[in-house]
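Only the coordinates and a few stated rules stand behind these numbers; no lab work does. Keep in mind that what you see is a predicted model, and the values were worked out from it rather than measured.
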Amino acid sequence: FVGMAVGPAYGAWVLLNVALPIPGLDVVGWQWIFFLNVPVGLVVLLLLYVIAGGVETPRAHGRLDLAAGLLASLALVAGVGALSLTGERGWADPLVLGGLAASALCLAIFVWRELRQNAPLIDPRLFADARFAASNGVSLLTGYTLATAIIGGPVFVNRVLNAGADRSAAALTALTLAIAIGAVAGGLGSGLVGQRLTAVVGVGLTIIGLWFASGWGVDTVLGRLQRDLAIFGAGFGLTVSPRATAAVEAAGASAYGVASAMLQVTRTIGMSVGLALLTSIGQNRIDELTALINDPARRDALVTTLGHPEFAGVDPRSSLALVDLLEAWSRGEAAGVLRLVFQIALAVAAVTLIPALLVEGRLRTR
């Protein structure tokens, strides 16, 4: 999480302080920035080898279940892909319904297959333990809300406040730094007051942060965004340790690795679904706004509704005043779209209280 916090701030600093264009960027393209992850990943692998090389863990003989991995991947790709198309095509579109059906079918076959394997990729029986299921439920739902905050915050800064990369980075840094601090506090809190209470308090803070974010408007200042995102981030961070501890203790020593990995999977699924729905809702509304502004008849009706009939029949390319009017209107509409997105995330956060109340780790021997 500290790395997540440093990234946006460093990226904004580069944009503001490094002379552009940099020789070579016009040749290789911006996509090459992702190759910076390669040396970082190699360093992480080296550290893992040095730190964990002498650690003995329980081992079981078995083969990697590639078929199960393929089924799980197909279920995720089909489901998330279908959700991302809902804004453009609608929920009743055959491609959307087909994708959701294919996702459900692949998931059902995956579970059926794993229940019959001696060495399953993921043992579905782990979810029979309420603590394990609850921990993954918290991970899934908080993943959804995290995607909303981590994308919605910077988008609000850019599309509603019309601010640049430095302001977006400031908002995102407040969020991710709070996550890092909350994660440390969550570890301490789990030991002092228990995992359940720590998780519930964390979810409660995410609810408060999203409640505040649901009230953002065109007059909202950056400081308020940072405060609200920091409240959410602290709450999310508080949930990290209790759900992780409860999950691995519920799974038992022989399944520590699977339990830990499953938490990452459910969080990633939640984030993917959140991003897909955010894109779907946003893209749908953006397309509507673009069509309205580019249609002379609808644009004339809009400016009349806004109380400026004198702009009816005027081409925006010949009137800066009309451009300003449409820009102010579109900012308000964008704020409304993002408020809806945060309200949906708020409802998801409220539901997260249910599994959070079941998060409590008690060591189970096997």
Q. In whole Å, how far is the Cα centre of the range 303-366 from that of the range 242-271?
A. 33
Q. What list of ³J(HN,Hα) values in whole Hz, one per residue of the range 190-207 in order, does the Karplus curve 6.51 cos²θ - 1.76 cosθ + 1.60 (θ = phi - 60°) give from phi, with Gly and Pro shown as x?
A. 4, x, 8, 10, x, 6, 4, 5, 4, 5, 5, 4, x, 4, x, 5, 5, 5
Q) What is the range 64-121's relative contact order, in percent, from Cα pairs under 8 angstrom and six or more apart in sequence? A) 46
Q.
Relative contact order for the range 126-366: what percent, with Cα pairs under 8 Å and sequence separation of 6 or more?
A. 37
Q: Convert each backbone phi in the range 265-282 into a coupling constant with the Karplus relation 6.51 cos²θ - 1.76 cosθ + 1.60 (shift: θ = phi - 60°), then list the ³J(HN,Hα) values in order as whole Hz, x for Gly and Pro.
A: 5, 5, 5, 5, 4, x, 5, 5, 5, x, 5, 5, 5, 4, 5, 4, 5, x
**Q.** Kirkwood Rh and Cα Rg combined as Rg over Rh, evaluated for the range 263-366
**A.** 1.28
Q) Given a cut-off of under 8 Å on Cα pairs at least six residues apart, what relative contact order in percent is computed for the range 259-366? A) 19
Q) Using modelled backbone amide H atoms (1.01 Å from N, in-plane), which distant-in-sequence or interchain residues come within less than 5 Å of residue 252's amide H? A) 364
Q: Step through the residues of the range 142-147 one at a time and calculate ³J(HN,Hα) from phi using the Karplus curve (6.51 cos²θ - 1.76 cosθ + 1.60, θ = phi - 60°), rounding each to whole Hz and writing x for Gly and Pro.
A: 5, x, 4, 5, 5, 4
